Amino acid sequence: MESKAAPLFGRPAAYEVDGAPLGVGALELNGEQGLDIATANGTGADGPSFSLLVNRGQGSFFPETRTQVDGFSFQTAAMADFNADGLGDIALAADDIEFPVRGVVLIFLGEGDGEFAEPLEYRLPGIFPTCLEVGDVDGDSALDLVVCHSTSAGGASEGRATVLHGVLDGTTPTGSFRIAFSERVGTEPASAAIGLIDGDALVDIAIGDRVESTVFVLFGNGNGYDAPQPIEDVAAVSAVAVLPREDGLSGLAATSRTRGRLLIFEQSPARSFQLLEEHGMLFSPSALRVADFDDDDNADIAVASILGADLWTGLEDGRFERGEVIFPASADLLSTIDLELADFNGDGRLDIVSSSSSDDEVTVVLNGADAAFTPTSTPTVTDTPTITNTPTITDTPTATRTPTRTATSTNTVRSPTPTPTPIVTTTPAGPGDANCDGRIDDADVLGVIHASFDPTCPTADVNGDGAVNAADLIAIVRLLGAG
């Protein structure tokens with residue numbers, strides 16, 4: 001019998017943050033002990049905020065501190081050193097909720113010891129930003145931003161990708177931006193990935209549109225981007241990533257939220273993509289990141305879903321196989337929103353941090369080591385400065401339509417509404433038949449969710465612990481996968 005390799009990732013550690021963290025990332029707050037963590041929180045105790053967790057050494061973190069940000073509805077966030085001063089900065093994609101509502105990007109430049117300057121604000125040509133990615137798209141060594149959002153055309157909603165170029169002072173990034181490109185892409189783009197895709201040394205942008213269920217690519221042409229090229233259909237695409245190849249013709253990875261699938265596309269010839277393989281038994285995947293986690297020179301994929309996070313190990317032929325459970329869902333049903341990679345304990349290996357908006361926490365998993373001791377008490381932070389002043393904005397077009405949605409925050413995470421339990425007329429097939437229809441199949445995954453609110457089906461307790469919860473959801477998915 002072939003033995004399985006030892007797990008790559010160690011025991012996870014969870015840290016409480018303010019309400020509904022939507023984006024998570026690594027940054028350097030104070031130049032001590034290693035990279036720190038920041039989250040953007042949609043519904044904090046006192047309104048939208050971001051939480052900071054300072055690294056205490058060995059990849060363990062002190063309890064959070066908070067900074068409140070009034071007047072905005074947060075959507076997503078990204079962290080990087082935008083002005084190259086050695087301190088981490090925060091970019092937030094949000095809606096300014098003062099009428100008329102407009103989409104904005106806020107840049108908070110770090111000043112050391114967890115302090116930030118008042119934000120620079122850039123208006124988007126539209127509203128409701130849904131993705132925010134960082135990369136040097138124009139090759140000038142200043143980090144740029146790619147934003148997915150919506151706008152209006154003739155009264156109908158359309159998707160848009162907007163690129164903000166980092167501004168240089170000579171050869172030094174200033175931490176300020178200018179809108180350099182904005183183009184219609186689909187109907188509701190929700191994810192983006194930046195990379196060299198078609199082998200011409202120009203940076204390209206892959207976009208996933210969840211309404212049109214399509215992956216698009218904006219191919220760089222040296223003076224902007226070509227018109228969006230539809231690549232493949234992916235039902236309710238929730239995340240995309242670029243898979244680098246030695247010949248320069250990168251592949252693409254995408255996840256389908258509704259079908260619970262990880263899809264791998266290969267490219268040959270340039271700009272022509274074919275489905276290479278498709279993996280199932282994920283549940284509502286929400287984010288993916290690509291890196292060589294095991295140092296075998298093959299790209300691997302970390303996928304986050306409401307079941308936690310899983311590793312897919314890259315093979316030499318460009319395919320992937322299921323690796324290990326990086327971390328499972330907790331006792332309550334998770335809603336994993338974001339996933340980022342960083343070396344938190346300074347051992348040269350990429351670790352993982354993810355955010356859960358339903359549990360109001362982040363999870364840190366170290367590559368090759370168990371998480372260090374975590375303090376159990378989390379003090380309440382009361383003195384959080386309110387940011388009210390916004391500098392004058394230049395080179396930023398104003399949104400042209402009034403949204404049909406209300407201006408209040410839409411980021412509160414709610415438990416799914418239970419559906420009525422049908423009258424059962426068949427004999428349950430046994431543990432795992434979570435909807436008591438006499439068979440064990442994909443429908444039982446939803447059966448576990450429904451039964452967690454109205455436990456009228458006794459065999460929804462898949463693991464036999466006397467309760468119906470996320471542990472049974474994990475158990476039914478594993479059971480179906482084994483079958």
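The values are calculated or read from the model by the stated rules, or taken from the named source; none is laboratory data. This structure is a prediction, so every number in the text was calculated from the model and none was measured. All Cβ positions, even for glycine, are placed from backbone atoms using ideal geometry, and neighbour counts span all protein chains on display. To get the accessible areas, we keep the full protein, side chains included, count just its heavy atoms, and leave off ligands, DNA and RNA. Shrake-Rupley method; radii C 1.70, N 1.55, O 1.52, S 1.80 Å.
Tell me, in nm to one decimal, what length is gained between residue 277 and residue 325 on full extension, where the rule is 0.36 nm per residue of separation less the Cα-Cα distance?
15.3 nm
Along the Cα→Cβ direction, 7 angstrom out, place labels at residue 98 and residue 229. What is the inter-label distance in nm?
Computed distance between label sites residue 98 and residue 229 equals 4.4 nm.
Can you work out the accessible area per residue across region 219-259, with the rest of the protein chains kept in place, probe 1.4 Å, in square angstrom?
Here the residues of region 219-259 average 44 Å² of exposed surface.
Rounded if a/c is under 1.5, else prolate if a/b is larger than b/c, else oblate: which is region 76-156, with a ≥ b ≥ c the root eigenvalues of its Cα gyration tensor?
oblate
Please compute the net charge surrounding residue 58, taking Lys and Arg as +1 and Asp and Glu as -1 over other residues with Cβ under 14 Å from its Cβ.
After counting each charged neighbour, the total is -3.
Let me know the shape class of region 170-242, please: from the alpha-carbon gyration tensor, a ≥ b ≥ c as square roots of the eigenvalues, rounded when a/c is under 1.5, otherwise prolate if a/b is greater than b/c, or oblate.
prolate
Net charge near residue 172, counting Lys/Arg +1 and Asp/Glu -1 over other residues with Cβ under 13 Å of its Cβ?
Here the count lands on -4.
Check which residues have an amide H placed less than 5 Å from residue 371's amide H, if you skip close sequence neighbours.
Placed amide hydrogens put 11, 366 under 5 Å from residue 371.
Assuming R0 = 35 Å, what is the FRET efficiency of residue 187 and residue 295, from their Cβ-Cβ distance, to the nearest 0.05?
0.30
What's the FRET efficiency of residue 113 with residue 343 using the Cβ-Cβ distance as r and R₀ = 35 Å, to the nearest 0.05?
0.95
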